[in-house]
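> The following block contains the structure, expressed as structure tokens.
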Amino acid sequence: MTAPSLRSLALIRPDGTGALDAAVATGADAVVIDLAPFRDDALADARTRTAALLAAMPRGGGAPLRFVRVHPIASGLVDGDLDAVIAAGPDGIVLPGADPDGIGRLALRIAVREARLGLDAGAVSIIAMVAEDAAGLLKLCGAQPAGRLAALGFCPARFRGAVGTPGRLAAGREDAGAADLLARGLVAAAAAAAGVAALIDLTAETAAESDSPATDAMGALARRALRDGFTGGFASAPEGIAALNGVFRGEEAAVG
């Protein structure tokens, strides 16, 4: 999987085919079904619905890639997530709260299931969401990428919350502080060094207050990310996907 195939990723909850159809209609390069918010009694049902959505999605012929965001390694829930979804043959797994050790552990877990299920070795890639706090940021330094790694992702809203800077970055504001700039730069540089995509998660920014229309506001955030070295991103709303496609595919006229 090459970096240009991951410019826009639509994040959806496993709520049914309506959400999936809407995400596919945006023209996103990938659809990411999000298991991470689910816990306890709701988790088993969410896993079942996620596997069903994966199985229902078309493959090839211009269809979006199919990813699942699982729980962090430290949660103890990842094995159950993988058991539920790998048999449906996703193109990749999105790992939140990732560090180099966690990426390697996830890669091993995926490899075991690929072998057990008779899937092609290495078919399931990894998008690692890194630098979600200061400790995670420091662990990026000197890290060696795993063979399955397709992208490194960065969520500025989560990072700002962890280090105590403003929770949202308004479209017209260029700088949320030195820590934000450092994190962005390190993630983009680490992705470039590994030869993988650098993705920014803008899903938490779609509701940011702005005097501009939502697509324009998201476009401004995406252009800032492009200048910072990112090559694609996540969004949950159609206007967010339109902005990502316009900026990272060079189709600004489509969102302007």
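> Regarding Leu108, is this residue part of a helix (DSSP H, G or I) and open to solvent by 50 Å² or more (accessible area, probe 1.4 Å)?
Yes; evaluated as a whole, the condition is true for this residue.
> Ok, one more. List the pairs whose first member sits in region 225-238 and is of a type in the set (Ser, Thr, Tyr), whose second member is part of a helix (DSSP H, G or I) and open to solvent by 10 Å² or more (accessible area, probe 1.4 Å), and whose Cβ atoms are under 8 Å apart, counting only residues at least 6 apart or on separate chains?
Once the first residue is of a type in the set (Ser, Thr, Tyr) and sits in region 225-238, its partners that are part of a helix (DSSP H, G or I) and open to solvent by 10 Å² or more (accessible area, probe 1.4 Å) give Thr231/Ala3; Thr231/Pro4; Thr231/Phe248; Ser236/Thr203.
> For region 1-29, name all the residues that are small (Gly, Ala, Ser), touching a Gly at 6+ places or on another chain (Cβ under 8 Å) and surrounded by 23 or more Cβ atoms within 10 Å (Cβ to Cβ).
Result: Ser8, single match.
> What pairs come out if I take residues in region 58-82 that are under 14 Å from Ile126 (Cα atoms) and in contact (Cβ under 8 Å) with a residue 40 or more places away in the chain and pair them with residues that are surrounded by fewer than 18 Cβ atoms within 10 Å (Cβ to Cβ) and hydrophobic (A, V, I, L, M, F, W, C) whose C-beta lies under 7 Å away, six or more apart or interchain?
none
> Please go through region 86-105 and pick out each residue that is farther than 13 Å from Ala51 by Cα and in a loop (DSSP other than H, G, I, E, B).
Pro96, Gly97, Ala98, Asp99
> Pull up region 76-99, narrow it to residues that are hydrophobic (A, V, I, L, M, F, W, C) and under 18 Å from the mean Cα position of the chain (by Cα), then point me to the one that is nearest to Val187 (Cα to Cα).
Looking at residues that are hydrophobic (A, V, I, L, M, F, W, C) and under 18 Å from the mean Cα position of the chain (by Cα), I get Ala98.
> Could you list, in sequence order, the residues of region 193-202 that are modelled with pLDDT of 90 or more and either farther than 13 Å from Arg224 by Cα or out of contact with any helix residue (DSSP H, G or I) (no Cβ under 6 Å at 6 or more places or on another chain) (or both)?
Val196, Ala197, Ala198, Leu199, Asp201 - these are the residues of region 193-202 that are modelled with pLDDT of 90 or more and either farther than 13 Å from Arg224 by Cα or out of contact with any helix residue (DSSP H, G or I) (no Cβ under 6 Å at 6 or more places or on another chain) (or both).
> Another question, then. Mind counting the residues in region 58-70 that are at pLDDT 90 or above and surrounded by fewer than 21 Cβ atoms within 10 Å (Cβ to Cβ)?
Here the count works out to 2.
> Within region 71-85, does at least one residue satisfy the condition of being assigned to a strand (DSSP E or B), closer than 20 Å to Arg113 by Cα and modelled with pLDDT of 95 or more?
no
> Within region 30-57, how many residues are of a type in the set (S, T, N, Q) and either open to solvent by 60 Å² or more (accessible area, probe 1.4 Å) or closer than 20 Å to Thr215 by Cβ (or both)?
Qualifying residue count for the region: 1.
> For region 50-66, give me each residue that is of a type in the set (D, E, K, R) and in a loop (DSSP other than H, G, I, E, B).
Arg59
The values are calculated or read from the model by the stated rules, or taken from the named source; none is laboratory data. Keep in mind it's a predicted model, so treat the numbers as computed, not measured. Note that each Cβ is placed from the backbone with ideal geometry, even for glycine, and that neighbours are counted across all protein chains shown. Just the protein is used for accessible areas: all its heavy atoms, side chains included, with ligands, DNA and RNA removed. Shrake-Rupley method; radii C 1.70, N 1.55, O 1.52, S 1.80 Å.
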